[in-house]
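See structure below.
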Amino acid sequence: MNLAKYQSYFHDGSLMDIEQFGDEITFSMISAEIPPNDVFKIKRLMALSFDNRIKGKLRLKDIKTVKIDNKIFQKKLKMFFECADIFKLKIKESITLQVIWENFRVDKGEKGFSTIEIDAGSIYWENIPDLLDPFWRTEPFLPEYENRAHYHRLNPKATGNRNKYLDKNGNGVSQGSNASCLLPNNFIEKNFSWNKVISPNIGALKILKKYEMEFHDGILVDIKEKDKDLSLVIISAEINTNVRINDIPLSQDRRIKGVLHFKKIKNIIYNYKFFEGVLKKYSDCGDITYFKIEDNKVFLDVIWGTFKPHFKEIANSSYEIEAEEIYWEPVPDLNDPNW
């Protein structure tokens, strides 16, 4: 597909990932929202996302030269920061991509401007209208997820979390399953044993923090609030068998399940504003995109959705919850009502 005719729509779009394998480089990108007057004519030629954006991967093969800010770049090309806003995309025999780097979490803010120029033997576009924004954080204790970037394909016939996504073969697979993550397989094998399980009352929260990244693509099952106490019922994504887990109980399908309890709430910041009401679920289906524990605070980002009549995203929520005491109650046999 010739993306050059649509390149202007990528101004104010997003660069989500850069992958390089040998002499092939792939950019995962999302355009800005297409103006209403242009949507119909573009849809006649290519599929757009549900929010009228061009989403997919720009693939470059037989790389000849790579320049960053007009200097030859000979290292493996990758994301310099968590994400980037696209300022300009120009495609001819080569590509020029100008981006503004940005971090959302650690050391958040704009991190500079780069011009990437690549001369390649072939350039083509893989259109992926159901591409979802990936999770860009890395964690030192999970080297097999050094490059966590991935995307999902929504199952148009989904009836619940059990078959929400499609795997690489087009089969329905569950929310948070490894099969739903379409990405290069960079897993590192490890030897581990299952003979050690912690007591739920001894250091459980500290140990849970080690695995907080595994809650990306997990599920917020319920929110319960009473007086100044709050509980979040959460389920992690499926944990790959190559990831060492010997200090926290897992469910039969290799997920961390349980209840995160907050005693004597101090502050709740909801969508970046102080919140004083009763915290409730926005809809029945809450997908966790970010989960972080810091001292007596928990940070949680959720995409809310519905399966009626088919799955679609309907809202985003960001939570920052501070309490005098936070503790974790493992419930490995917890059931998801949307399963």
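The values are calculated or read from the model by the stated rules, or taken from the named source; none is laboratory data. Only a predicted model underlies this, so the values are computations on that prediction, with no experimental measurement involved. Positions of Cβ are generated from backbone atoms using ideal geometry, with glycine treated the same way; all protein chains shown enter the neighbour counts. For the accessible areas, the whole protein counts, side chains as well, though only heavy atoms, and no ligand, DNA or RNA atoms are used. Shrake-Rupley method; radii C 1.70, N 1.55, O 1.52, S 1.80 Å.
Before moving on, here are some points about what is shown:
- Checked against (1) in contact with a Pro (Cβ under 8 Å, 6 or more places away or on another chain); (2) within 15 Å of Pro332 (Cα to Cα); (3) at pLDDT below 85, Ser251 meets all criteria but (3).
- Yes/no for Lys308 being closer than 10 Å to Leu220 by Cβ and open to solvent by 20 Å² or more (accessible area, probe 1.4 Å): no
- Qualifying residue in region 83-90 (condition: in a loop (DSSP other than H, G, I, E, B) and open to solvent by 40 Å² or more (accessible area, probe 1.4 Å)): no
- So Lys71, is it of a type in the set (Lys, Arg), farther than 24 Å from Glu33 by Cβ, surrounded by fewer than 17 Cβ atoms within 10 Å (Cβ to Cβ) and in contact (Cβ under 8 Å) with a residue 12 or more places away in the chain: no
- For Asp336, the criteria (1) in contact with a helix residue (DSSP H, G or I) (Cβ under 7 Å, 6 or more places away or on another chain); (2) of a type outside the set (Val, Ile, Thr); (3) within 24 Å of Leu131 (Cα to Cα) hold in every case but one, which is (3).
- Total residues in region 102-122, condition in a strand (DSSP E or B) and modelled with pLDDT under 90: 6
- So Lys308, is it closer than 22 Å to Ala158 by Cβ, of a type in the set (D, E, K, R) and without any contact (Cβ under 8 Å) to a residue 24 or more places away in the chain: yes
- Among residues of region 13-51, those that are on the phi > 0 side of the Ramachandran plot and under 20 Å from the mean Cα position of the chain (by Cα), counted: 0
- One residue from Ile239, Ile314, Ile288, Ile303 being open to solvent by 70 Å² or more (accessible area, probe 1.4 Å) and within 30 Å of Lys157 (Cβ to Cβ): Ile314
- Within region 275-294, residues that are without any contact (Cβ under 8 Å) to a residue 12 or more places away in the chain sit with their Cβ atoms under 7 Å from residues that are surrounded by 15 or more Cβ atoms within 10 Å (Cβ to Cβ), at 6+ positions apart or across chains, in these pairs: Phe275/Ile268; Phe275/Ile269.
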